[in-house]
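Participant: Just dropping this structure here.
Coordinate-derived values only; no laboratory data. Here the structure is a predicted model, which is why all the values come from computation and not from measurement. Here the Cβ positions follow ideal geometry from the backbone for every residue, glycine too, while neighbour counts run over all protein chains shown.
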Amino acid sequence: MTTASSVEPVETRTRRPRATPDVRPLTFATLTLVEWRKQLDTRAGRWMLAVIAIITAAVLAVMMAVSGGNHSFSAFVVGTTTPMAMLLPIVGVLAATSEWSQRTALVTFTLEPRRTRVGLAKVVAAIGSGLALLVLTIGLAALAHLLVVAFRDADPAWDVSVRAVLYLALSVVLFMAQGVGFGLLLRSTPAAIVTLLLAPTLFGLLGGLVPGMADVLPWVDLGTAGEPLLFGSALDGEGWAQLGTATLIWVVAPLVGGLWRTARSEISSS
Amino acid sequence: MITVEHLTKRYGPAVAVDDVSFTVEPGHVTGFLGPNGAGKSTTMRMICGLTPATSGSARVLGKPFTALANPGRRVGVLLDAAAQHSGRTGREVLTLAALMTGVDRRRIDSTLDLVGLTDRESARRVGQYSLGMRQRLGIASALLGDPEVLILDEPANGLDPAGIRWMRDLLDDFASRGGTVLLSSHLLREMEAVADRIVVIGRGRVVAEGHKDDLLRQAGAFVRSTDDAALARALRQGGAGVEELATGGLSVEAEPIDVGRAAAAAGVVLAELRAADSRGLEDLFLELTADDAREQPGAQTRMEVSA
């Protein structure tokens, strides 16, 4: 074996004057903005958000057309948030799984080796998208109500409380964190979406069949515990506690597991 | 500067990388050579902190890769040109990298220019790119942060001859300005042209490391004379190994001057005498990795019999 002697003297080569002393460390804000852009700069991501917007608009249009359009603002808001509740977690899932299905993880984690920061940036960016969409849909609901009041003689009923909006915002946060969590944990878009949509439903169904589960279910089923968030009924102490435990099971656990798996595993292109 | 010390990676009982140590010096292009499955990519992923090492360490610019703040500005990495979101445009891929590393976005245009991707091409989605275009885009991503170190896994893969020539000039230029380049390839001829230092790896182990010319130099002489048989006899008496070539002439394990002396003493007239051709990298490569290749049949794992 030859030793690492350099026959060609290095001195003959001119050193490059380097002009990059100003290398700034990556901030979390930068990471979050980049992750947010990554949700929107592909057709899959844009379509997902567009589909939610289109379905929301369609629901509003139907509501404006049927039964004389006589719906309160809160009825419109409920109409718009239901499709969102179904589809928003998928936006979160895509934000996470695309790194693996499109194999970009290799580049992402080379540019930022602190993987947990990247995962958290994805959660924050997904929540940002969700909240932006929530504001948009509430705005559309308000517009719809305004239109039926103005043109279809509906009774004006601006009956959406600040609390209801905050509850909705909280549910968006939970949906998004849950989506990213399942995405990071399972790494496959179809697997994560199917699990996300089916698991809580199956869980609720099975729970209903087992005698004695009825008492336990609100504590362990996010669908049951989170219902007040979507429909605006005030949560009492027990309600918050139930939401807490269900969130721990369906949001925090998958997210922590997903972040752990991301930080620990080997990032490889195949 | 890249320092790899006793890097080892096991997958269960299989050893993918076995106690690999080498350094990559600034100012040179160092070629990382080995057959498929020899552990090149695994080693490079360990250097970049993507694969946790079982034991050993790798440092880039004096630190573990994962300890570099904003590594995209210090180290340009291309590990798999195909690993890009097929739905993004080439320009968007670079824009994301620029945003992340804080590079002036004007650099995107100059870098696209440098790797020879036109405005039209950069506006197309990566899914429609040929492998060669993906390689160019990958090299653009690596160069975008104006790094001091380049780590490129099979960058010549999929490039046409003109592209390979272009890449060679680019790496030469990068190294001549004081940059550090580690480049893996199984394209031996290309490696021979572009790398000045070479690390050869076979079944997870470094089998040779050094300056390309040193590795390729081969002792011995080639000689043709009016009486090869007599000359061969004389040389053998002198203790030199001689091989009579089917195409005429002798291959002698001795310096040309000693062959000349032996010929003069034996009174044989020389027609041609010169130092043996330097081996091609291909010969070196096959020779160094041949043992491993023979031990392989039937073995499911890459368990290494220690030499």
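Participant: Rounded to the nearest 5, what % of the DSSP beta bridges within the protein assembly as shown are antiparallel ones? Spell out each step's value before the answer.
Facilitator: Values: 31 of 49 bridges.
So the antiparallel bridges in the protein assembly as shown amount to around 65 percent.
Participant: Would you mind ranking B:Lys212, A:Lys122 so that the residue whose beta carbon has the fewest other beta carbons within 10 Å leads the list?
Facilitator: Taking fewest neighbouring Cβ atoms as first place, the list is B:Lys212, A:Lys122.
Participant: Is there a simple number for the mean count of other chain Cβ atoms within 10 Å of the Cβ of residues in B:172-185, and what is it?
Facilitator: Numbers: counts 0, 1, 1, 2, 4, 6, 7, 4, 0, 0, 0, 0, 0, 0.
The mean count of partner-chain Cβ atoms within 10 Å per residue comes to 2.
Participant: Along the charge dipole of chain A, pointing to its positive end and built from +1/-1 on Cβ of Lys, Arg, Asp and Glu, which listed residue (A:Pro228, A:Leu136, A:Phe28) has its Cα farthest out?
Facilitator: A:Phe28
Participant: Using Cα springs under 10 Å in a Gaussian network model of chain B, which residue among B:Glu272, B:Glu192, B:Glu92 shows the largest mean-square fluctuation?
Facilitator: Comparing B:Glu272, B:Glu192, B:Glu92 in the GNM, the peak value goes to B:Glu272.
Participant: Let me ask something else about it. Given charges of +1 on the Cβ of Lys and Arg and -1 on the Cβ of Asp and Glu, with all other atoms neutral, how large is the dipole of the range B:202-265 about its Cα centre, in debye to the nearest 20? Could you put the intermediate results ahead of the total?
Facilitator: On the way: 8 positive and 10 negative charges, 37 e Å.
It works out to roughly 180 debye.
Participant: Under a no-solvent Debye model with one identical scatterer per Cα of the range B:152-288, what's log10 I(q)/I(0) at q = 0.14, 0.18, 0.21 Å⁻¹?
Facilitator: Scattering profile of the range B:152-288, log10 relative to I(0): -0.75, -0.93, -1.12.
Participant: Rank A:Phe109, B:Ala195, A:Asn70 by how far each Cα sits towards the positive end of the charge dipole of the protein assembly as shown (+1 on Lys, Arg Cβ; -1 on Asp, Glu Cβ) and give me just the farthest.
Facilitator: The one lying farthest along the dipole's positive direction is A:Asn70.
Participant: Nothing charged except the Cβ atoms of Lys and Arg (+1) and of Asp and Glu (-1): what's the magnitude of the dipole of the protein assembly as shown about its Cα centre? Round to the nearest 20 debye.
Facilitator: Numbers: 54 positive and 57 negative charges, 241 e Å.
In total the dipole reaches around 1160 debye.
Participant: Follow-up question, since we're still on this one. Write down, largest first, the equivalent ellipsoid semi-axes of the range A:128-182 in whole Å, where each equals the square root of 5 times an eigenvalue of the alpha-carbon gyration tensor. Write down the numbers at each step before the final one.
Facilitator: Numbers: eigenvalues 166, 27, 10 Å².
Values for the range A:128-182, descending: 29, 12, 7 Å.
Participant: Let me ask something additional. What residue among B:Leu159, B:Leu250, B:Ala229 has its Cα farthest toward the positive end of the dipole of chain B, where the charges are +1 on Lys, Arg and -1 on Asp, Glu, each on the Cβ?
Facilitator: Working it through, the farthest residue towards the positive pole turns out to be B:Leu159.
Participant: Using Cα springs under 10 Å in a Gaussian network model of chain B, which residue among B:Arg136, B:Arg177, B:Arg236 shows the largest mean-square fluctuation?
Facilitator: B:Arg236
Participant: Now for a different question. Checking the a/c ratio against 1.5 first, then a/b against b/c, what shape does the Cα gyration tensor give for the range A:75-234? Write out the running numbers ahead of the final one.
Facilitator: Values: a/c = 2.51, a/b = 1.36, b/c = 1.85.
Oblate, because a/c is 1.5 or more while a/b does not exceed b/c.
Participant: By its C-alpha gyration tensor, with a ≥ b ≥ c as the square roots of the eigenvalues, how is the range B:90-187 shaped: rounded for a/c under 1.5, else prolate for a/b larger than b/c, else oblate? Let's see the in-between values first.
Facilitator: Details: a/c = 1.80, a/b = 1.14, b/c = 1.58.
It comes out oblate by the Cα gyration axes.
Participant: Continuing with the same structure: Can you work out the Karplus-derived ³J(HN,Hα) for every residue in the range A:239-247? Use 6.51 cos²θ - 1.76 cosθ + 1.60 with θ = phi - 60°, whole Hz, and x for glycine or proline.
Facilitator: My calculation for the range A:239-247 gives x, 5, 5, 5, 4, x, 5, 5, 5 Hz in order.
Participant: Return B:Leu188, B:Leu159 ranked ascending by Cβ neighbour count within 10 Å, so the fewest neighbours appear first.
Facilitator: Numbers: B:Leu188 17, B:Leu159 22.
Going from sparsest to densest Cβ surroundings: B:Leu188, B:Leu159.
Participant: What residues qualify as long-range amide H neighbours of B:Arg205, i.e. H under 5 Å apart, gap of 5 or more or another chain, H built at 1.01 Å from N?
Facilitator: Residues meeting the amide H criterion: B:Asp18.
Participant: If you don't mind, another one. With θ set to phi - 60° and the Karplus curve 6.51 cos²θ - 1.76 cosθ + 1.60, what are the ³J(HN,Hα) couplings of the range A:47-54 in order, to the nearest whole Hz, using x for Gly and Pro?
Facilitator: 4, 4, 5, 5, 4, 4, 5, 5
Participant: Another question, if that's okay. Suppose every Lys and Arg Cβ carries +1 and every Asp and Glu Cβ carries -1, with no other charges. What dipole size does chain A come out with about its Cα centre, to the nearest 20 debye? Provide the component values of the computation, followed by the final result.
Facilitator: Working: 19 positive and 16 negative charges, 278 e Å.
Taking the Cα centre of chain A as origin, the dipole is about 1340 debye.
Participant: Give me a single rounded figure for B:47-59: the average over its residues of other chain Cβ atoms within 10 Å of their Cβ.
Facilitator: Numbers: counts 0, 5, 6, 11, 4, 4, 0, 0, 0, 0, 0, 0, 0.
Partner Cβ neighbours, averaged per residue: 2.
Participant: How would you rank B:Leu288, A:Leu259, A:Leu168, going from fewest to most other Cβ atoms within 10 Å of each one's own Cβ?
Facilitator: The fewest-first ordering by Cβ neighbours comes to B:Leu288, A:Leu259, A:Leu168.
Participant: Straight-line reach only, C-alpha to C-alpha below 28 angstrom: list the lysines that A:Lys38 could link to, leaving out same-chain residues fewer than 8 apart.
Facilitator: A:Lys122
Participant: Something else about it: Distance between the C-alpha centers of the range A:235-262 and the range A:111-166? Whole Å please.
Facilitator: The range A:235-262 and the range A:111-166 have Cα centres separated by 22 Å.
Participant: Non-local amide H neighbours of B:Arg88 (under 5 Å, H modeled in plane, Pro and chain starts lacking H): which ones?
Facilitator: The list, which skips near neighbours in sequence, is B:Val126, B:Gly127.
Participant: Could you pull out every residue, at least 5 positions away or on a different chain, whose amide H is within less than 5 Å of the one on B:Leu78? Hs are placed 1.01 Å off N in the peptide plane, and Pro or chain starts have none.
Facilitator: When sequence neighbours closer than 5 places are left aside, the close amide H contacts are B:Ile151, B:Leu152, B:Asp153.
Participant: Which value, to two decimals, describes the C-alpha radius of gyration of chain A once divided by 2.2 N^0.38 Å? Intermediate values should be presented prior to the final figure.
Facilitator: Numbers: Rg = 24.0 Å, N = 270, 2.2 N^0.38 = 18.5 Å.
In units of the 2.2 N^0.38 Å rule of thumb, it is 1.30.
Participant: Taking the DSSP beta bridges in chain B as the whole, what percent of them are antiparallel, to the nearest 5? Provide the component values of the computation, followed by the final result.
Facilitator: Values: 31 of 49 bridges.
The antiparallel fraction comes to roughly 65 percent.
Participant: Let me ask something else. Given a 10 angstrom Cα cut-off, can you work out which residue in A:Thr247, A:Thr189, A:Thr201 is the most mobile in a GNM of chain A?
Facilitator: Among A:Thr247, A:Thr189, A:Thr201, the largest GNM mean-square fluctuation belongs to A:Thr201.
Participant: Now a separate question. Pairwise over distinct Cα atoms, reciprocal of the mean inverse distance: report the Kirkwood radius of the protein assembly as shown in Å, one decimal place.
Facilitator: Kirkwood hydrodynamic radius for the protein assembly as shown: 28.1 Å.
Participant: Determine ³J(HN,Hα), in whole Hz, for all residues of the range B:12-22 in sequence, where each value follows from phi through the Karplus function 6.51 cos²θ - 1.76 cosθ + 1.60 and θ = phi - 60°; x replaces Gly and Pro.
Facilitator: Ordered by residue, 3J(HN,Hα) equals x, x, 7, 9, 7, 10, 10, 6, 8, 10, 6 Hz.
Participant: Could I ask something else about it? Check the straight Cα-Cα distances from B:Lys63 and name the aspartates and glutamates below 17 Å, setting aside those fewer than 8 residues away within the same chain.
Facilitator: A:Glu112, B:Glu5, B:Glu25, B:Glu148
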